Amino acid sequence: MSKQLALFPLSSFILPGGKIKLRVFEKRYIRLIKEAGIGQRGFAMALLNPFVSQQHRDRVLSLATEVVIDDFEQLPDGLLGITVRGIKRIEITQRWQEDDGLNIGQITELDSWPNIDLGQRFNGLVRSLSQLLTEYPQLQQLYPEPELNNASWLASRWLELMPIQPGLKQKMSAEKDPISCLESLQHWFEHNS
């Protein structure tokens, strides 16, 4: 199914089930939030490619995630704060900018990874993420009931948190299933720790 979404490009990465808190201050993004809030047009979080110029056609990477607003607040500095949750993987097939610089994308919806019980596999990745959730209260606040035995949830959260190049995140998020992604993540950990 093809449709249009506004795009919120950032260096942060989010996948279905993921949550992220954002500070919104640019007029184009305030408009994006307003339009989403009244049901005029949805939006997606897209990953920026830091290795090309701002004007380059590949500045916004093609795999993104449609999101919904779960919560909003006025921050102490007076800015708008929102919490978004990823709901659907998408591919941006065409992108353009409106007059105020807001990116719009023609998108195609992609299949989500299935929920797969891990059993005893990837215990190291499970333990490490559990430890991160304990050590960082802001993460624990976003995920009060972590699905650590769900391969899809575990792979998605690691991809969001890992300090790896955006192109590699995109490649791993395009794996056919979450088990393949977890195998790639485990391999990355083994060679980069």
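The values are calculated or read from the model by the stated rules, or taken from the named source; none is laboratory data. Note that this is a predicted model, so its numbers are computed, not measured. Backbone-built Cβ (ideal geometry, glycine too); neighbour counts: all protein chains shown.
General remarks:
- Filter pass, Lys176 being surrounded by 14 or more Cβ atoms within 10 Å (Cβ to Cβ), among the basic types (Lys, Arg) and outside the structural domain of Ile30 (by TED's automatic domain parsing): no
- Filtered residue count, segment 156-173, keeping only those that are surrounded by 18 or more Cβ atoms within 10 Å (Cβ to Cβ) and of a type outside the set (A, V, I, L, M, F, W, C): 5
- Qualifying residue in segment 138-146 (condition: modelled with pLDDT of 95 or more, out of contact with any strand residue (DSSP E or B) (no Cβ under 8 Å at 6 or more places or on another chain) and part of a helix (DSSP H, G or I)): no
Condition check ((1) more than 17 Å from the chain's Cα centre (by Cα); (2) not assigned by TED's automatic domain parsing to the domain that holds Ile14) across all residues:
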| position | (1), (2) |
| --- | --- |
| Val84 | no, no |
| Arg89 | no, no |
| Ile92 | no, no |
| Glu98 | yes, no |
| Gly101 | yes, no |
| Gly105 | no, no |
| Asp117 | yes, yes |
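- Some residue of segment 74-87 being among the basic types (Lys, Arg), modelled with pLDDT of 95 or more and not in a loop (DSSP other than H, G, I, E, B): yes
- Gly124 meets each of the listed conditions (1) out of contact with any helix residue (DSSP H, G or I) (no Cβ under 8 Å at 6 or more places or on another chain); (2) loosely packed, with under 13 Cβ neighbours inside 10 Å; (3) part of a helix (DSSP H, G or I) apart from (1).
- Inter-residue pairs, beta-carbon under 9 Å, first farther than 14 Å from Gly18 by Cα and in segment 128-150, second outside any helix (DSSP H, G or I) and acidic (Asp, Glu), 6+ apart: Asn149/Asp117
- Residue selected from segment 127-146 under the condition more than 21 Å from Glu183 (Cβ to Cβ) and in contact with a Ser or Thr (Cβ under 9 Å, 6 or more places away or on another chain), by the criterion surrounded by the fewest Cβ atoms within 10 Å (Cβ to Cβ): Gln140
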